[in-house]
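The values are calculated or read from the model by the stated rules, or taken from the named source; none is laboratory data. This is a predicted model, so every value here is computed, not measured. As a convention, Cβ positions derive from the backbone with ideal geometry for all residues, glycine included, and neighbour counts pool all protein chains shown. Heads up: the accessible areas ignore ligands, DNA and RNA and are worked out on the full protein's heavy atoms, side chains in. Shrake-Rupley method; radii C 1.70, N 1.55, O 1.52, S 1.80 Å.
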Amino acid sequence: MQNHGQYTNHLTGETSPYLLQHVHNPVDWYPWGETALTRARTQNKPILLSIGYSACHWCHVMAHESFEDEQVAAVMNELFINIKVDREERPDLDKIYQSAHSLLTQRAGGWPLTVFLTPDQQIPFFAGTYFPRQPRHGLPSFIDLLRHIDKVYREQPDDIAQQNTAVMNALRQLASPATGVRALNATPLDAARNQLARQFDSQHGGFGNAPKFPHPTSLERLLRHWSRSCEAQEDRQARDMLTLTLERMALGGLNDQIGGGFCRYSTDDEWMIPHFEKMLYDNGPLLALYAQAATSFNSALFANTARATAQWVMREMQSPDGGYYSSLDADSEGEEGRFYVWDREEVRALLTEQDYRVFAQRFGLNLPANFEGHWYPHTFATISAIRDKQTLPEQAVQESLSRACETLFLAREKRVRPGRDDKILTAWNGLMIRGMAKAGRLLNEPAYIASAERALDFIQATLWKDYRLLATYKDGKAHLNAYLDDYVFLIDGILELLQARWKSADLDFAIALMEAVLAHFLDENGGFFFTSDDHEQLIQRPKPAHDEAIPSGNGIATQVLLKLGYLLGDSRYLDAAEQSLRSFWGLMSQNAYACTSLLDALEEQLYPGKLIIIRGEGEAVREWQARLNQQPWPQQQVYGIPDDASGLPPGLETKAATDKTLAYVCEGLQCSPPVHNLEDLIPAG
């Protein structure tokens, strides 16, 4: 972005790379805080709130068109107090004002989010997303919009006050869903499966039309639904919806075929051309899902996809200190996707003749360019089709593809890289710790488990202060009160890591985190608020139930309450989980497919999975775990606790080995006598 001489606004000293990108704009930007809010009140100027994030393409477009423009900036500075927010550091503000945008416009929101607030109460009275510098696409010019908003604010205060009352009433209703009173049952589980089937794209996989998002929470719901159906009559349609989607995403352009890692979404129905930004929060859940599916369906494609994703994470997204970075931009050298696309002659010059023919047929270089005159790799031909056309043995085709991809990867590494948002977010690290630990355990990759350990150690050392979490870290500075997602995603990651290798201190950390959740986030009516009881007071205290790009904090909170409750035998956790499910019963019943994280918890409440605790000598425990990992039912938890483990809570201390390895098997509150023979734990057939 342009540097306007020596001008510097109020964003200096912030940790967000997104905010720092705007520090030399001629706009007099403030971060959200008392300084800006007080100035708005004293000057009686509306607040122009702009919310975005570092990897957001259209955020960059609007910044270049308007926020770097002296004329636009002059109007903004004259009429408004301008506040810039990174939605990744302040998801509380983003959740509130995205909801307000939907109420005001009756449309889905997005980024950049542009909201105009009253100066006294910060209530939104106008909202939109991207606005162009000049009128186009049916949108007014940004300057015209600014002048119109100012005029409305000055001349129609009564109308704004009336609208504000309606908005606040609606926000209160959103934050306080009606408490359900009926007995919990499986109706929402079946409803979600059928709703997903109605939205399913049977040709290309996924749900709905372009832009097409991966929706890992929906896919995990299908995996769990299929797995449970195998106990009675297999739901093959659920299995086929899941596997077709995973296959098409793995083979498509959504998945970086050269370097690994998934992009944010596909701009077409075929998963061919993505929006090229890569987010940690997508890749953590997708890594866990592909590792689970690889073992469940004995799929080499899913296993290889998981490994490529994990290797990308360790190579490009893990800091030297252990924490995981947030995202990679879509753009480099001012162009979207430039880092990832190819010219045909460039590829031909890099590869041998045979390798080029194989690569070209596989990834479409023998077809017209698929992205703005360039080629972006998307799988167009099967290995067997290439084998037949090129008259090569299948092994030779595979070797050619491996050589070609490695050669192109090394060549691509010499290009100007997309920008990386290197702040470390606790919640997103929790998602990736879970993904790396699960992939390491199920795919027998110790390096992935070690990566997850390093990230957890970093979070505990850097973002855990006085028995409370902080939300974000960058350049030696950890700050901002953590949100519900930070706590519960991290607990979920710890529980997965404990299944990969036991460490009693990590269980203690998970318990301390859960105690903080119950102390500071619990709603006495059931469920959890997104912000703590000592958080900054905002116009709404969100209580999110629906899954978005990441799982619902309430869904994961309820899941980990059940997991910890059964593991420790703690009825407080189990009671809080049941109360949470009851409080969201109405939402789950009305909109089941949008609450799949809560539905996973509901399923665990109704049909508790197996909890297996193995005790014995360390090597024997690992052998038993390795065998059980070959039967990775989503509802099953397996903890291997060596006999020399110390500091165990009472419920686990009593589960000890005698003179040989044994396993304790529980389902819910019912436990069987200890099992002394590994084969008795392996299902027949």
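Looking at the square roots a ≥ b ≥ c of the eigenvalues of the Cα gyration tensor of region 367-525, which shape do they give, rounded for a/c under 1.5, prolate if a/b is larger than b/c, or oblate? Because a/c hits 1.5 or more and a/b exceeds b/c, region 367-525 counts as prolate.
Summarising the amide proton neighbourhood of E277: residues at separation of 5 or more, or on other chains, whose placed amide H is nearer than 5 Å comprise R264, A330. Straightening the chain between D388 and N44 buys 116.5 nm, computed as 0.36 nm per residue apart minus the Cα-Cα spacing.
In the context of the full set of protein chains, residues of region 513-632 present 34 Å² of accessible surface per residue (probe radius 1.4 Å, heavy atoms only).
Surface listing: D547, D534 arranged by accessible area from highest to lowest gives D534, D547, probe 1.4 Å. From the P(r) of region 428-473, can you give the percent of Cα pairs sitting at distances over 16 Å? Cα-Cα pairs of region 428-473 separated by over 16 Å account for 39 percent.
Split the accessible area of the chain by element, probe 1.4 Å, and carbon with sulfur accounts for 48%. What the Cβ-Cβ distance of T187 and E548 gives, at R0 = 22 Å and to the nearest 0.05, is a FRET efficiency of 0.40. Its relative contact order, with pairs defined as Cα atoms under 8 Å and 6+ residues apart, puts the chain at 12 percent.
Restrict the search to region 25-70; then list the GluC sites (Glu not before Pro) that DSSP places in a loop and that have at most 12 other Cβ atoms within 10 Å of their Cβ.
Sparse-neighbourhood loop GluC sites (Glu not before Pro): none present.
Here each label is just a point 7 Å from Cα along the line to Cβ, and for A170 and D144 those points are 2.5 nm apart. Listed by chain and number, the lysines whose alpha-carbon sits under 22 Å from that of K212, ignoring those within fewer than 8 places in the same chain, are K95, K278.
Counting only Cα atoms, the chain measures 80, 68, 47 Å along its principal axes, largest extent leading.
In this calculation the C-beta distance from R403 to E623 is compared with R0 = 41 Å, giving a FRET efficiency of 0.65. Fully extending the segment from M314 to L367, taken as 0.36 nm per residue of separation minus the present Cα-Cα distance, adds 15.7 nm.
Residues in region 488-497 carry Karplus couplings, in order, of 7, 5, 5, 4, 4, x, 5, 5, 5, 5 Hz; the curve used is 6.51 cos²θ - 1.76 cosθ + 1.60 with θ = phi - 60°, and Gly or Pro positions show x. For F371, the residues whose amide H sits under 5 Å from its own are Y376, ignoring neighbours fewer than 5 places away on the same chain, with H placed 1.01 Å from N. For E335, the amide hydrogen comes within under 5 Å of no other amide hydrogen, counting only partners 5 or more places away or on other chains and with H modelled in the peptide plane. With a cut-off of 13 Å, note down the residues of region 122-139 whose backbone N falls inside the zone around a label point 7 Å from the Cα of Q71 toward its beta carbon. What the label zone holds, given the 13 Å backbone N cut-off, is 133-135.
Measuring from each cysteine beta-carbon in the chain, the ones with no other cysteine beta-carbon under 4.7 angstrom are C230, C263, C405, C595.
At a probe radius of 1.4 angstrom, the accessible area of region 225-340 per residue rounds to 30 square angstrom.
Along region 240-245 the Karplus relation, 6.51 cos²θ - 1.76 cosθ + 1.60 evaluated at θ = phi - 60°, assigns HN-Hα couplings of 5, 4, 5, 5, 4, 5 Hz to successive residues, with x for each Gly and Pro. Multiply the residue gap between E346 and D158 by 0.36 nm, knock off their C-alpha separation, and tell me the result in nm, one decimal place. Full extension of this stretch gives 61.3 nm more. Karplus-derived 3J(HN,Hα) values for region 663-671, using 6.51 cos²θ - 1.76 cosθ + 1.60 with θ = phi - 60°, are 10, 9, 10, 10, 10, x, 9, 9, 10 Hz; glycine and proline are entered as x.
Roll a 1.4 Å probe over the protein chains and send me the accessible area per residue for region 86-205 in Å².
Using a 1.4 Å probe on heavy atoms only, each residue of region 86-205 averages 48 Å².
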